[in-house]
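The values are calculated or read from the model by the stated rules, or taken from the named source; none is laboratory data. If you're wondering where the values come from, they're calculated on a predicted model, not measured in any experiment. Cβ placement follows ideal geometry from the backbone for every residue including glycine, while neighbour counts extend to all protein chains displayed. To get the accessible areas, we keep the full protein, side chains included, count just its heavy atoms, and leave off ligands, DNA and RNA. Shrake-Rupley method; radii C 1.70, N 1.55, O 1.52, S 1.80 Å.
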Amino acid sequence: MTKIKVKTSAEEDLIILILLVGTFYAHRTILTRLLVYSVSICLFLFVCFIFFKLYRKFKFINKNRTLVEVDKMSGIEFEIYVAKLLRENGYTGVRLTEKYDYGIDIIAKKDGVTWGIQTKRYSSLVKASAVRQVVTALPYYGCDKAMVITNSYFSKVAVTLAKCNDCILKDRSKLRSISQEKY
């Protein structure tokens, strides 16, 4: 096979350029409309993308979440979810502590009691260290009582330590009934 080399001169290039410009000029209204539609579609898709991202980010706040959905949350999503449940169940002044807390994730008040709450979104047993953290942080945050809330269950040592320190434990089975018990 032989290669065919096509040589174009500057005059031919100029003619092609003039034809292209003329074509664009002749169809400028169609091209302008096409450009407007393209930009509009891109903006619409961008807004849909942002809405979808925000929806996915904040949909975990819905109190009717299944435990399977709760299990998929990140730690901070679980903290926010628990804070919302607390608010919905009569706790006031509910606030999350700083990012690097000293053992208490949420502070909330109910019936004159200030609660220091440690949240643990785990796939395994919650150990005694969670109880130790929340109990020792009570004076630092000025809290009266301690509570640990998890989507999982507690080890026997954690349960024993909690009883000795008057710490309330809420496991997977009690996650939805946070405020229904009297302490």
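Summary table below
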item	result
Difference of contour (0.36 nm per residue) and Cα-Cα distance, Phe24 to Tyr102	21.4 nm
Solvent-accessible area per residue, Å², over the chain with all protein chains present [probe radius 1.4 Å]	69 Å²
Selection of chymotrypsin sites (Phe, Trp or Tyr not before Pro), region 66-136, meeting DSSP coil and at most 11 other Cβ within 10 Å	Tyr100
Low-density loop positions, trypsin sites (Lys or Arg not before Pro), region 73-120 - DSSP coil, at most 12 other Cβ in 10 Å	Lys99
Mean Cα-pair separation over length for region 30-169, i.e. relative contact order, pairs under 8 Å, 6 or more apart, %	17 percent
Gained length - Val68 relative to Lys109, 0.36 nm times residue gap less alpha-carbon distance	11.9 nm
Integer Hz, Karplus 6.51/-1.76/1.60 couplings in order for region 88-96, x for Gly and Pro	5, 9, x, 7, 10, x, 5, 8, 7
Inter-label distance for Lys156 and Val39, nm, one decimal - labels placed 7 Å from Cα along Cα-to-Cβ	7.2 nm
13 Å reach of a label modelled at Lys127, 7 Å along Cα-to-Cβ, counting backbone N of region 144-176	155-158
Amide H partners (placed H, <5 Å) of Val126, local residues excluded	Tyr153, Phe154, Ser155
Farthest toward positive dipole pole in the chain [+1 Lys/Arg, -1 Asp/Glu at C-beta], among Ser155, Ala130, Leu31	Ser155
The chain: calculated mean residue ellipticity at 222 nm from DSSP helix runs of at least 4, using -39500 (n - 2.57)	-16000 deg cm²/dmol
Sites Phe52 and Leu14, calculated FRET efficiency, Cβ-Cβ separation with R0 35 Å, nearest 0.05	0.10
Equivalent-ellipsoid semi-axes of the chain, from the Cα gyration tensor, Å, largest first	64, 20, 15
Folded to 0 to 90 degrees: helix 28-58 orientation relative to the chain principal axis, Cα	10 degrees
